[in-house]
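*Asks:* Please read through the structure below; I'll follow up with questions.
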Amino acid sequence: QLQASGGGLVQAGGSLRLSCAASGRTFSDYAMGWFRQAPGKEREFVATISWRSNGSTYYADSVKGRFTISRDNAKNTLYLQMNNLKPEDTAAYYCAAESHGMMTKRGGEYDYWGQGTLVTVSS
């Protein structure tokens, strides 16, 4: 029900825009988030946005100022604009939806997950 896309190979300093399209239900009342998991590492929080299209956002310190999370509820789509990418941003990126509309960085509190889209940043 959540389909992430937009990953790819990019050089350090470059940009990518990830999308997460929802289907089967409307996620406009859900808080949404992005997480990532690098090879051999645990999944980590990246960013979250409240249920409103221009809602509150919260970022991990490691991406603050470089990444922007946004959503278009009319299109039932979540985005992650990633600028000034670094090799340490290399990971599989996952989108997720939280049914109570509450922003959280805790992955266990999300109810729906998309499949990962791979981002590789070369140095």
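*Asks:* Springs between alpha-carbon atoms under 10 Å, Gaussian network over the chain: tell me which of Gly101, Gly13, Gly40 tops the mean-square fluctuations.
*Replies:* Gly40
*Asks:* Could you point to the residue in Phe45, Gly55, Gly108 farthest towards the positive end of the chain's charge dipole, with +1 and -1 charges on the Cβ of Lys/Arg and Asp/Glu respectively?
*Replies:* In the chain, that residue is Gly55.
*Asks:* Using DSSP to call loops (not H, G, I, E or B), can you name the GluC sites (Glu not before Pro) in segment 32-123 whose Cβ has at most 14 other Cβ atoms within 10 angstrom?
*Replies:* On the way: sites: Glu42, Glu44, Glu88, Glu98, Glu109; in loops: Glu42.
Answer by residue number: Glu42.
*Asks:* Still on this structure, please answer the following. Can you give the charge dipole size of the chain about its Cα centre, rounded to the nearest 20 debye, using +1 on the beta carbon of Lys and Arg and -1 on the beta carbon of Asp and Glu? Working shown, then result.
*Replies:* Values: 13 positive and 10 negative charges, 40 e Å.
For the chain, the charge dipole is close to 200 debye.
*Asks:* How big is the charge dipole of segment 56-99 about its Cα centre, in debye rounded to the nearest 20, if each Lys and Arg gets +1 on its Cβ and each Asp and Glu gets -1 on its Cβ? Intermediate results must be reported in sequence, preceding the final value.
*Replies:* Values: 5 positive and 5 negative charges, 28 e Å.
The dipole magnitude comes to about 140 debye.
Readers should treat all values here as calculations from the given coordinates under stated rules, not as data from a laboratory. Predicted, not measured: the structure shown is a model, and the values here were computed from it. Note: ideal-geometry Cβ built from the backbone for every residue, glycine included; neighbour counts use all protein chains shown.
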